[in-house]
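To keep things clear, I will list the structure first and then write my remarks on it.
What follows draws every value from the coordinates through simple rules; no lab data is involved. These numbers come from a predicted model, not from an experiment. Positions of Cβ are backbone-derived with ideal geometry, glycine not excepted, and every protein chain shown enters the neighbour counts.
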Amino acid sequence: MFERGKSVLDKFEIKKITEINSSESKVSTMSQRNSKNPRGQAMIGPSIVINGKVSGDEDLTIEGTVEGSIDLPNQNVLIGQSGRVEADVQGKIVHIEGKIEGDIKGVEQVIISNSGNVRGNLVAPRVTLEDGAVFKGSIDMDPGEPLLEKAKSSIKDKIQKESLEKGSSQ
Amino acid sequence: MESSHPTKLMDWIFEPFSAGEKAEVLHLGNPFSETVDTFTNYRCKIHVADAYSKLPFALKNSNTQNLSSDFFREALEIPPAASFNLCLFWDFLNFLDENLINSFASFLKPYLDKNCRAHAFAVHNVKSMPSQHVYGLADLKTITSRPRQKYIDAPNPPTLKMIQETFHCFKFDRNIMLTDNRIEISMFKNNN
């Protein structure tokens with residue numbers, strides 16, 4: 001699954017692999033969130049367990065279990081309702097519907113849905129915590145220069161891509 | 001049922017942060033979505049402490065001083081380097097007895113910035129039961145509330161006078177009587 005695009009999984013251990021595409025609805029949710037990403041999305045299915053570092057160049061949906069770290073500062077990360085993560089996570093927009101224990105950095109935003117259960121510290125310029133979400137930790141919305149710069153350049157890239165796409169379609 | 005009421009105290013409490021200072025916030029209980037949204041307008045770090053869920057156990061055992069300290073350490077999980085300059089206690093103090101309020105003040109004092117400001121609710125008198133609501137901040141003029149999901153028993157809510165005498169880490173700035181047997185309080189750090 002991670003050989004698609006340029007994803008890299010270091011030191012990983014896949015304990016059990018079954019049908020990966022069993023949750024198409026989640027993929028489509030992610031597609032709606034970032035429909036203009038040319039590289040598509042990667043998906044860690046509900047029965048998959050990964051120990052190690054996850055990095056790459058695709059949006060990622062996690063419905064399985066990840067222990068270690070997830071480092072996707074330029075991509076969106078969705079931890080779905082059945083997702084269980086014990087890892088520090090970095091993403092552009094990190095959306096949590098499942099359970100996570102670890103620190104989370106969102107270059108643009110962190111969203112914790114009402115089904116989300118988070119124990120850890122959040123750093124992002126913008127955080128949304130839906131009512132019903134369980135959260136224990138701290139929320140830092142003054143992320144300092146490095147994350148702000150990343151956020152700015154990410155928005156800049158987005159605008160450039162959109163104007164290029166508009167130009168090519170005309 | 002969700003409700004909201006106006007507040008006149010938050011403008012003063014947030015004054016330093018409206019001027020650009022970074023807020024290091026102690027928030028007791030899970031914050032509402034609108035509270036987090038309100039804080040996105042400020043440079044801030046919010047420490048969310050799940051203090052309410054362990055209250056019933058503490059209330060049963062509050063006569064033991066050591067237990068009180070352990071309770072606050074475990075319930076609040078405050079990072080050692082924390083230096084809060086804004087505390088939102090909401091109605092937490094209403095559920096504590098004299099002994100626990102005193103322990104809470106002693107526990108909290110090392111983690112308070114010298115310019116810390118705070119907000120809390122008290123009750124009109126000992127016969128008033130604390131409201132079974134959870135509170136949030138829609139903006140600096142509006143406090144929201146929703147019913148608490150789990151009832152917390154508080155047979156003897158402390159009076160305002162008792163809080164003033166035992167919550168020694170703060171001095172009281174203003175009190176505003178509310179219609180539903182509550183008093184809204186703004187406080188600042190007692191540096192004596």
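Descriptive notes on the structure:
- Mean separation of Cα contacts under 8 Å (6+ apart) over length of segment A:41-140, as relative contact order %: 17 percent
- Size of electric dipole in segment A:41-140: Cβ of Lys, Arg +1 and of Asp, Glu -1, about Cα centre, debye, nearest 20: 160 debye
- Estimated inter-spin distance, B:Ser69 and A:Ser115, nm [label 7 Å along Cα→Cβ]: 4.5 nm
- Shielding of B:117-123 by partner chains, average beta-carbon count, 10 Å: 0
- Peptide B:21-30 - average C-beta neighbours from other chains (10 Å radius): 2
- Relative contact order computed over chain B (Cα-Cα under 8 Å; 6+ residues apart), in percent: 26 percent
- Per-pair calculated FRET efficiency, R0 = 51 Å: A:Val49 and B:Asn190 via Cβ, rounded to 0.05: 0.45
- Extending 7 Å from Cα along the Cβ direction at B:Ser53 and again at A:Glu86 yields two label points whose distance is 1.8 nm.
- Burial ranking of peptide ranges B:179-189, B:22-32 (average Cβ count within 10 Å, highest at the top): B:22-32, B:179-189
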